[in-house]
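Notes to accompany the following structure.
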Amino acid sequence: MSIDMYLPALPDLTRDLSAAPERAQLTLATFFAGMAIGQFFYGPASDRFGRRIALLIGIGIYIAASAACAVADSIDHLILARLMQALGACAGGVVARASVRDRFSHVDTARVLSLLTLIMGLAPILAPLLGGWMLSVASWRAIFWTQAAFGVLCGIGVILRLQESRSEETAAQARAENPFRAFQALLRNPRLIGYALAGAMNGAVLFTYISASPQLVIGTYGFSPQAFGWVFGANAIGVIGASQVNRFLLRRLAPDTVLARASIAAVISAVLMTIFAWTGIGGMWSVMATLFAALASYGLMGGNTMAGALSVDPRRAGSVSALMGGASFGAGALAAWAGGALHDGTARPMAGVMLLCLVGSMAALYLLAFRKPQSA
């Protein structure tokens, strides 16, 4: 909701705050950076103090920061408020993933994370549509007031419905070491690094699209802000659909088998998209079709890379979740920045960045994640 709902409003807030387009783009890149940084706090905190308290702290920060975004009187204030909003919002992802691993095995974790993708995937479909509709009846500030209200509803849901899932073994492990030692131990595991890099670089494709899509779809291809919401939603349906195909495939195949095949298909899609973007073959629609396929790979890879990483060290589920989320948003922030810096009014920079990310994701799987664990 926080990423996608305000995208149709980027041109409006840019004009309203008298900001340069690249400064307005920083409100998105800064949000990604905040999501990456904050997760390294909430992961160990949820292991040590519990999932519920870490999540409630994050929601409180999110509500206050969303209100600050709504009353921002300059682009610099909005950038700072978006950073704080991300530092609160990231608690949701960390705690949700860790809570799933608390309750399920490796394969079942992959299936449940795919189900969560279905639920969370409603946001990329509904948020831009809601944002575009709100712009027709109110200013962009109403979008952030709506996000603050959404945070209040999430807090009520946590208080009333979310049960603590952290095990005593996890709590004991967290009390026995400081967070730096936990991350140090995790970073020494090549398989975990492989899953983290593969998931992060595949996720960076999604973030590159989120960052580039307003200028590309509205500015270059000439869609209206309302039509942009439908385009954005169609691509989100691709991600959701692939995540549900993943649930079906996991009945027959191991998560790593799905990852191996999906990574190859993703690279092929990116190669074709890059060719179409540079040659102009097929025009806008050939780029959009291959973009759809490349983005859909996230539905096949996101849950499986996360489940693979969480299976490496279940006792540090919160820290693993933080490491995975931090890597994903860090790579996303870098990719979004690169796409924006190279933007030339065409799809070429976006396609090139996506191709590099997907090749790197496949390499991380085959060189690190798929290595056999060493015998004790």
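The values are calculated or read from the model by the stated rules, or taken from the named source; none is laboratory data. Predicted model, so just to flag it, every value in this text is computed and none were measured. A quick note on method: Cβ atoms are made from the backbone with ideal geometry, for glycine too, and the neighbour counts reach across all protein chains shown.
Of the residues making up segment 299-331, those that are crowded, with 24+ Cβ neighbours inside 10 Å and hydroxyl-bearing (Ser, Thr, Tyr) are THR305, SER319, SER321, SER328. ALA336 passes every criterion in (1) surrounded by fewer than 24 Cβ atoms within 10 Å (Cβ to Cβ); (2) modelled with pLDDT under 85; (3) aliphatic (A, V, I, L, M) apart from (1). Across segment 60-98, the qualifying residues are those that are closer than 25 Å to ILE119 by Cβ and without any contact (Cβ under 8 Å) to a residue 24 or more places away in the chain, and the one among them that is surrounded by the most Cβ atoms within 10 Å (Cβ to Cβ) is ALA65.
Conditions (1) in contact (Cβ under 8 Å) with a residue 24 or more places away in the chain; (2) among the small types (Gly, Ala, Ser); (3) farther than 24 Å from PHE232 by Cβ, marked per residue:
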residue: MET273; (1), (2), (3): yes, no, no
residue: THR279; (1), (2), (3): no, no, yes
residue: GLY283; (1), (2), (3): no, yes, no
residue: VAL287; (1), (2), (3): yes, no, no
residue: LEU291; (1), (2), (3): yes, no, no
residue: ALA294; (1), (2), (3): yes, yes, no
residue: MET301; (1), (2), (3): yes, no, no
residue: ASN304; (1), (2), (3): yes, no, yes
residue: GLY308; (1), (2), (3): yes, yes, yes
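Of all residues in segment 232-245, those satisfying the criterion of being modelled with pLDDT of 85 or more and either crowded, with 18+ Cβ neighbours inside 10 Å or among the aliphatic types (A, V, I, L, M) (or both) are ALA234, ASN235, ILE237, GLY238, VAL239, ILE240, ALA242, SER243, VAL245.
Here GLN25 fits the description: at pLDDT below 85 and either in contact with a strand residue (DSSP E or B) (Cβ under 8 Å, 6 or more places away or on another chain) or in a helix (DSSP H, G or I) (or both).
Within segment 264-298, restricting attention to residues that are crowded, with 20+ Cβ neighbours inside 10 Å and aromatic (Phe, Trp, Tyr), the residue that is farthest from ARG103 (Cα to Cα) is PHE276. With the condition kept exactly as written, say whether any residue in segment 1-9 is surrounded by fewer than 21 Cβ atoms within 10 Å (Cβ to Cβ) and part of a helix (DSSP H, G or I). No, the conditions are met nowhere in segment 1-9. When the residues of segment 28-59 are filtered to those that are hydroxyl-bearing (Ser, Thr, Tyr) and buried (at least 23 other Cβ atoms within 10 Å of the Cβ), the one that is nearest to ALA89 (Cα to Cα) is TYR42. In segment 344-355, of all residues being touching a Ser or Thr at 6+ places or on another chain (Cβ under 9 Å) and outside any helix (DSSP H, G or I), the one that is surrounded by the fewest Cβ atoms within 10 Å (Cβ to Cβ) corresponds to GLY345.
Within segment 326-339, can one find any residue that is farther than 27 Å from GLN244 by Cα and not in a helix (DSSP H, G or I)? No; the residues of segment 326-339 include none that is farther than 27 Å from GLN244 by Cα and not in a helix (DSSP H, G or I). Against the test of being among the basic types (Lys, Arg) and more than 28 Å from ILE156 (Cβ to Cβ), the options ARG15, ARG51 yield a single qualifying residue, ARG15.
Here the condition is being among the aromatic types (Phe, Trp, Tyr), assigned to a helix (DSSP H, G or I) and touching a Phe, Trp or Tyr at 6+ places or on another chain (Cβ under 9 Å); of PHE41, PHE32, it holds for PHE32 alone. Say whether the condition of being touching a helix residue (DSSP H, G or I) at 6+ places or on another chain (Cβ under 6 Å), of a type in the set (Gly, Ala, Ser) and in a helix (DSSP H, G or I) is met by at least one residue in segment 116-127. Within segment 116-127, not a single residue is touching a helix residue (DSSP H, G or I) at 6+ places or on another chain (Cβ under 6 Å), of a type in the set (Gly, Ala, Ser) and in a helix (DSSP H, G or I). In the set (1) more than 15 Å from SER114 (Cβ to Cβ); (2) exposed (fewer than 15 other Cβ atoms within 10 Å of the Cβ), the condition left unmet by PHE248 is number (1).
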